[in-house]
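Structure, as structure tokens:
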Amino acid sequence: MSDLMREQRLQIMLTEQELAAIDDWRFATRMPTRAAAVRELLKRGLAAEGFANALAGEKSQDFGVLSKDNGNATGASKSP
């Protein structure tokens with residue numbers, strides 16, 4: 001068992017569709033928990049390159065899990 005202590009909590013709000021996309025990915029990749037799946041997605045996102053930085057004036061609502069045009073999960077941190 002890991003000696004890692006997770007003492008910090010991160011709370012985010014998602015739409016039903018965004019949560020379904022995360023859960024679908026979780027089951028497809030056989031992740032043991034939703035939290036483990038989110039940590040793995042964060043790890044992959046932090047390691048990813050080639051994405052634009054947020055522009056001045058952009059708001060939290062400008063970023064999402066799903067693409068606005070087709071509702072599919074995207075590999076980018078920002079919806080196109």
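Placing pseudo-labels 7 Å out from each Cα toward the beta carbon at Glu40 and Leu19 gives an inter-label distance of 2.1 nm. If R0 equals 25 Å, the separation of the Cβ atoms of Phe27 and Glu58 corresponds to a calculated FRET efficiency of about 0.20. Peptides 53-60, 5-12, 20-27 ranked from most to least packed give 20-27, 53-60, 5-12, packing being the mean of other C-beta atoms within 10 angstrom over each peptide's residues.
Read-outs: derived from the displayed coordinates by stated rules, not from any lab. Predicted model only: the values in this text are computed from it and were never measured. Methodologically, a virtual Cβ is constructed for each residue, glycine included, from the backbone with ideal geometry; neighbour enumeration extends over all protein chains shown.
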